[in-house]
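**Student:** This is the structure, below, for whatever I ask next.
The values are calculated or read from the model by the stated rules, or taken from the named source; none is laboratory data. Keep in mind that this is a model prediction, so the values were computed, not measured. Quick reminder, even Gly has a Cβ in these numbers, built from the backbone with ideal geometry, and neighbours come from all protein chains shown. Side chains are part of the model used for accessible areas, which takes the heavy atoms of the whole protein and leaves out ligands, DNA and RNA. Shrake-Rupley method; radii C 1.70, N 1.55, O 1.52, S 1.80 Å.
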Amino acid sequence: MSREKLPEGWGETEVGDIADVISGGTPKSGITENFAPSGEGIAWLTPADLSGYKNKFISHGARDLSTLGYSSCSAKLMPAGAILFSSRAPIGYVAVASNEISTNQGFKSFVFTNDIYPDYAYYYLRNIRHLAEEMGTGTTFKEISGSATKTLPFVIAPLAEQKIIAEKLDTLLAQVDSTKARLEQIPQILKRFRQAVLASVVCGKLSKNTGQWKTYLLKNICISISDGDHQAPPKSETGIPFLVISDVNKGQIDFENVSRWVPESYYESLKEIRKPFQNDILYTVTGSYGIPVIVNTTKPFCFQRHIAIIKPNSTFIDYKFLAFYLESPQIFKHASDVATGTAQKTVSLSSLRNFELSVPSLEEQHEIVRRVEQLFAYADTIEKQVNNALARVNSLTQSILAKAFRGELTAQWRAENPDLISGENSAAALLEKIKAERAASGGKKAARKKA
């Protein structure tokens, strides 16, 4: 139950005192006649239907039950307005039935009386999802039982205030969702911005002297271009890290997840052109080809043949300029054009060595690198701010829900409408009315029985 002091006119109880808790069922899955296309049979939900579902109301799941399937299992048809609450895999998905609907056994749904506004109950159950999760038991996956579900706390506001709370939450949470959607678009905008910056490296838009560029083959401005050993290296419990293509990601080498090592003697036996040194460039050539990464460590490592190693000649080319150039969309397109193979496309070493590059003077290269790094730092700053903002927005929904059910969103409304929260309109009176009606009905279930 709630430990916080409730606003004037509010009350609290347990879900089982004010709602029928309805479980679901599933017919035999191997019998196709038990099911019907979505919208053509008896509406039926599984928790998977609510995964990623953002709307408040739902009418059908991915498939319906046929009349045969419905009659052969324990699924129960609930009325429009029922609150659908997943009880396992995971606990706490919530939606409101927009029409008669049934569920599988992964739900413990609630059919409230007309004295509980469905939208209010929907938001309240979203607010206490963490409590339901804490009450779940099980090892493979947690589940909250029907008896435990009935003991979930439920805070009741006066009926008129329930509608006001739901309306305010509709407005506020729509604004939160809109803000989140706009923030989530920014990383893609920044990705396009970075690609545009890299494209500018190649086409000379970041250069002051575009007319003084010279065209070279990649092999002519590098000391060597090679790849990893084509023979499977010996394994070792410790020693030198051995990289596979998944360890080479955009912008960095992932040493933390390396799963294979080779003896130091193996590394020592490698030719110098296959030994990576600081400021060399690794370039993936198979599968996820076209990813350049600057070697920024002095520690020894080796790698599989799906990764090429490019050793720039500093007389002609700045290693950072070359890495930016190789990462550009123009060069990636060229790599895609020359890649061969069916199962996994590969950029051959001969093709890589013959990549054409237009290169300005070293002084101009240094200036281009400075400008690219400046622009990328600007984008990184924005991305960090966006991620921080998204984290705050993601916590904002729960914060707003918590405020709503502490009465903070409707404090002024209560002050202006004392008659609607007191006496026969109070939550205490409403709760007594609900209990009396349920007692008079003999606890009759609101779900439709089988014919």
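**Student:** Counting only residues that are touching a residue at least 12 places away in the same chain (Cβ under 8 Å) and among the charged types (D, E, K, R), give me the strands (runs of 3 or more DSSP E) lying completely in region 1-82 with at least 1 of them.
**Tutor:** The strands (runs of 3 or more DSSP E) meeting that bar are 11-14, 19-23, 63-65.
**Student:** Which residue pairs have Cβ atoms under 7 Å apart, sit 6 or more places apart or on different chains, and have a first residue in region 328-347 that is within 19 Å of D227 (Cβ to Cβ) and touching a residue at least 40 places away in the same chain (Cβ under 8 Å) and a second that is outside any helix (DSSP H, G or I) and of a type in the set (D, E, K, R)?
**Tutor:** From region 328-347, the pairs are A339/K345.
**Student:** Take the conditions assigned to a helix (DSSP H, G or I), in contact (Cβ under 8 Å) with a residue 60 or more places away in the chain and either surrounded by fewer than 17 Cβ atoms within 10 Å (Cβ to Cβ) or of a type in the set (D, E) (or both) and apply them to E424. Does it pass?
**Tutor:** no
**Student:** Are any of the residues in region 364-381 at pLDDT 95 or above and among the small types (G, A, S)?
**Tutor:** Yes, region 364-381 contains a residue that is at pLDDT 95 or above and among the small types (G, A, S).
**Student:** Of (1) surrounded by fewer than 23 Cβ atoms within 10 Å (Cβ to Cβ); (2) touching a strand residue (DSSP E or B) at 6+ places or on another chain (Cβ under 6 Å); (3) small (G, A, S); (4) in contact (Cβ under 8 Å) with a residue 24 or more places away in the chain, A121 satisfies all except one. Which?
**Tutor:** (1)
**Student:** Just to check your reading of the model, which residue among N220, N257, N209 is exposed (fewer than 15 other Cβ atoms within 10 Å of the Cβ) and within 23 Å of C302 (Cα to Cα)?
**Tutor:** Just a single option satisfies the conditions, and that option is N257.
**Student:** Restricting the search to region 83-101, which residues are more than 14 Å from V21 (Cβ to Cβ) and touching a residue at least 60 places away in the same chain (Cβ under 8 Å)?
**Tutor:** E100
**Student:** Still on this model: Given Y53, Y70, Y117, which one is over 21 Å from E167 (Cα atoms) and aromatic (F, W, Y)?
**Tutor:** Answer to the selection: Y70.
**Student:** Could you please let me know if T340 is among the β-branched types (V, I, T) and under 32 Å from the mean Cα position of the chain (by Cα)?
**Tutor:** Judged against the criteria, T340 is not a match.
**Student:** While we're on this one: Is it true that some residue in region 263-281 is polar (S, T, N, Q), open to solvent by less than 40 Å² (accessible area, probe 1.4 Å) and free of Cβ contacts under 8 Å to residues at least 60 places away in the same chain?
**Tutor:** No.
**Student:** Here's something else I'd like to know. Only one of (1) within 15 Å of A232 (Cβ to Cβ); (2) within 39 Å of the chain's Cα centre (by Cα) fails for P263. Which number is that?
**Tutor:** All conditions are met except number (2).
**Student:** Filter region 387-431 down to the residues that are under 33 Å from the mean Cα position of the chain (by Cα), more than 19 Å from L169 (Cα to Cα) and not polar (S, T, N, Q) and list them by number.
**Tutor:** Of everything in region 387-431, those that are under 33 Å from the mean Cα position of the chain (by Cα), more than 19 Å from L169 (Cα to Cα) and not polar (S, T, N, Q) turn out to be A389, L390, A391.
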